[in-house]
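Heads up, the thing below is written out as structure tokens.
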Amino acid sequence: MITTPLAGYLLVAALLFAIGLAGALTRRNAILVLIGIELMLNAANLNLIAFWRYGPHPEALTGMMFAIFSIAVAAAEAAVGLGLVIAIHRHAHTTDLDEINRMKG
Amino acid sequence: MLEKADQIFILLRNWLVGFLPAGWQTAAGVVLGVIGIVAVFPGLFAITTVLERKGLGRIQNRLGPNRVGPFGILQPIADAIKSLTKEDIVPRDADAVVHFLAPVFLVVVVFMGFAVLPVGRNMVLVDMDASLLFYFAMGASTEVSIFMAGWSSRNKYSLLGAMRAVAQMISYEVPLLMSSVVIVMMTGSLSLVKIVEAQNQYSYGLPHWYIFTPWGFAAFVMYAIAGTAETNRSPFDLPEGESELVAGYFTEYSGFKFALFFLGEYLGMLSISGLGATLFLGGWSAPLAVLNWVPSWIWFFAKVMLSIVVFIWVRGTLPRLRQDQLMNFAWKFVLPMTLLDLVVAAVWRFMGDGLLRWFVCSAILIGVYVAAGRWGMRSKHFGPRSYRYAE
Amino acid sequence: MGFPFWILAALTVAGALAAVLLRNLVHCALALTVAFAGLALLFLNLDAQFAGFAQILVYIGAVAILVVFAILLTRSTETPKDGGVFSRTWFVGLVISAGAFAVLGWALLQSQPGLSLGPATAPAATVQQIGTALMGRYVLALEIVALLLTAALIGAVIVARHEREGTKEG
């Protein structure tokens with residue numbers, strides 16, 4: 001079924017993406033939603049690196065560069081996201097997403 | 001003869017590996033290297049503990065350990081037997097698995113950092129292209145184990161100590177990295193082997209160590225401050241401030257697991273010293289061209305032990321900082337100075353040879369240092385101390 | 001498709017599963033660290049040394065620590081009293097993610113024959129080459145990332161800091 005190395009990596013990345021998506025969509029806690037998003041970003045990074053390694057032009061470094069930039073952006077995303085979670089917790093005294101469903105504070 | 005003394009460990013390894021069939025030789029060589037690291041650095045740890053207790057005793061006008069062996073030098077063996085035979089207590093509410101994994105993880109990660117340090121000519125376990133990045137990746141992973149220890153103990157002092165330790169380590173990791181970036185920029189390589197080779201040159205019999213340049217000296221001072229904080233050593237030892245937090249994140253550890261934390265902490269100190277020696281003090285290169293005949297690994301370990309002595313001296317001399325002072329110092333003084341140092345290093349690089357660049361670079365660094373010090377102190381009024389309640 | 005690949009893949013997927021399934025949030029964060037470590041090892045397996053170490057430095061050293069800090073600051077370790085840790089609409093989410101995985105897997109199986117084009121030997125990606133590319137072809141992207149990180153730093157501080165007394169009641 002899985003015959004080439006690239007397909008193996010892509011399968012792992014697809015699994016990670018699905019797990020991250022499931023975590024982000026089914027959990028109640030806002031922090032766990034962020035964890036799911038991080039997993040999805042990492043799945044994309046794995047895809048980028050795998051395509052760079054087994055693609056036709058690895059010497060161009062494009063996939064690798066994209067992954068490095070993506071890591072840097074993910075760090076910023078985590079900092080802002082968790083800052084927002086802390087601000088919401090201070091405001092609503094909960095991080096339960098089922099309860100934070102009003103537009104008014 | 002002297003060549004052989006310099007390469008004695010390499011020759012020994014090759015001789016031992018020679019007994020094995022050809023297919024196994026590479027793997028066996030790596031295993032022997034790992035055994036070497038796992039044997040040598042804990043040995044240095046034992047020496048460091050007795051040195052520290054004797055040195056602190058001398059500073060504080062007391063004798064220090066003097067019962068076990070001549071002048072107390074066998075004290076580490078007694079300590080090891082004691083901690084191995086003590087009962088291992090796990091608190092009832094603790095998260096047993098995480099509580100067990102934390103010290104193991106810490107020691108493993110710290111040992112992995114040693115794999116990229118060149119301890120002598122041709123003597124490095126793994127020579128990779130990005131070894132400095134690997135070292136810092138391992139250094140950053142220790143924070144996770146400290147958090148695991150503090151959280152799993154279910155003890156407020158442990159948790160507070162862990163939070164303090166992690167916040168402090170993250171804050172000081174930035175200047176630690178930035179001061180190393182200066183060296184990377186000037187060498188043009190992240191490989192520690194290449195960094196040492198770039199410093200292993202002599203003009204007029206004096207070495208080209210990075211500490212003997214204005215930007216290198218400034219980076220070394222910043223590295224030393226950040227390294228002291230990174231290893232949670234005094235005066236930055238708030239995470240384990242006895243008067244406030246019992247023992248910080250390892251309050252609930254006893255017996256062998258406590259010994260592992262102790263080992264991890266001292267190994268961290270040895271590895272930060274080793275990296276500092278590699279980056280700024282020329283690694284295994286001799287301090288004078290005429291001393292090149294001394295085996296290279298002796299120089300490396302001499303430099304490491306010298307910085308350990310400085311660590312002990314600082315611990316005996318300086319009082320502990322307060323948490324807000326610690327954070328302000330990291331973000332408002334050390335980090336801006338390392339950023340300035342990057343610029344100064346670039347100026348140095350493009351001014352060409354000559355005395356002028358010495359004056360320009362030193363002037364910028366000293367000027368900003370003095371100005372920043374004045375500005376930071378502007379609102380402090382140092383007068384006679386006043387007591388609110390004691391009088 | 002050697003022996004190490006399957007071990008690393010299993011480690012990563014197990015870490016990710018534990019990260020979204022465990023009840024205690026700190027355990028989730030620690031499992032997330034395992035998944036990040038597995039991913040870093042997969043990167044090393046793909047000869048992407050620099051990206052692998054950057055992954056450890058940024059994700060394990062910073063993002064995982066940020067996540068545990070946020071968990072402790074919002075006291076999320078106590079599980080909610082009513083019901084479980086999953087949302088009311090958990091079934092919809094599960095169906096959507098299963099659908100996403102089915103589509104991705106189907107596309108993967110359809111394109112199997114075309115996926116073996118690249119060179120079998122490892123491409124050289126030294127730090128020197130990466131640095132040259134960052135300062136040459138990708139310099140604009142580098143500058144934008146620098147700007148973005150600065151903005152994120154300031155934004156995170158402003159969002160998370162205490163609101164001044166008087167601007168808001170309670």
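For chain A, take the longest principal axis of its alpha carbons; what is the angle in degrees between that and the long axis of helix A:5-26, to the nearest 10 within 0 to 90? Roughly 10 degrees, rounded to the nearest 10. From the square roots a ≥ b ≥ c of the eigenvalues of the alpha-carbon gyration tensor of the protein assembly as shown, which class results: rounded (a/c under 1.5), prolate (a/b over b/c), or oblate? Rounded. Helices that extend 27 Å or more along their long axis by alpha-carbon positions and average at least 0.0 on the Kyte-Doolittle scale are, among the DSSP H runs of chain B, B:25-59, B:96-114, B:131-152, B:156-187, B:255-280, B:296-317, B:356-377. Per-residue ellipticity at 222 nm, computed for the protein assembly as shown from helices alone with -39500 (n - 2.57) per DSSP H run of at least four residues, works out to -22500 deg cm²/dmol.
Could you tell me whether the range B:1-123 comes out rounded, prolate or oblate from its Cα gyration tensor? Rule is a ≥ b ≥ c as square roots of the eigenvalues, rounded for a/c under 1.5, then prolate if a/b exceeds b/c, otherwise oblate. Because a/c hits 1.5 or more and a/b fails to exceed b/c, the range B:1-123 counts as oblate.
GNM on chain B, alpha-carbon springs under 10 angstrom: the most fluctuating residue among B:Glu230, B:Glu173, B:Glu242 is B:Glu242.
The range B:262-322 and the range C:6-53 have Cα centres spaced 35 Å apart. Indicate the gyration tensor shape class of chain B (rounded, prolate or oblate), computed on the Cα atoms with a ≥ b ≥ c the square roots of the eigenvalues: a/c under 1.5 is rounded; otherwise a/b larger than b/c is prolate and the rest oblate. It is oblate, given that a/c is not under 1.5 and a/b is not larger than b/c.
So what is the relative contact order of chain B, in percent, for Cα pairs below 8 Å that sit 6 or more residues apart?
Numbers: 524 pairs, mean separation 80.1, N = 391.
Relative contact order here is 20 percent.
Only lysine pairs 8 or more places apart or on separate chains count here, and in chain B those with Cα atoms under 24 Å apart total 9.
Each of A:Val80, A:Tyr54, A:Ala43 was scored by the projection of its Cα onto the charge dipole of chain A, and the greatest displacement toward the positive side belongs to A:Val80; charges sit on the C-beta of Lys, Arg, Asp and Glu. Taking the charge dipole of chain B about its Cα centre, with +1 at Lys and Arg Cβ atoms and -1 at Asp and Glu Cβ atoms, the residue from B:Leu159, B:Leu206, B:Leu56 reaching farthest to the positive side is B:Leu56.
Modelled spin-label separation between B:Asp127 and C:Arg23, with each label point placed 7 Å from Cα along the Cα-to-Cβ direction: 5.5 nm.
Convex hull volume per residue, computed on the Cα atoms of the range B:248-391, equals 217 Å³. Here the range B:156-294 is described by how far its Cα atoms reach on the three principal axes: 58, 29, 24 Å, from widest to narrowest.
List A:Ile49, B:Ile298 from most exposed to least, where exposure is judged by having the fewest other Cβ atoms within 10 Å.
B:Ile298, A:Ile49
Just so you know, all these numbers are worked out from the coordinates, no wet-lab data involved. Because the structure is a prediction, the values reported are computed rather than measured. Heads up, the Cβs are rebuilt from the backbone with ideal geometry, glycines too, and the neighbour counts pull from every protein chain shown.
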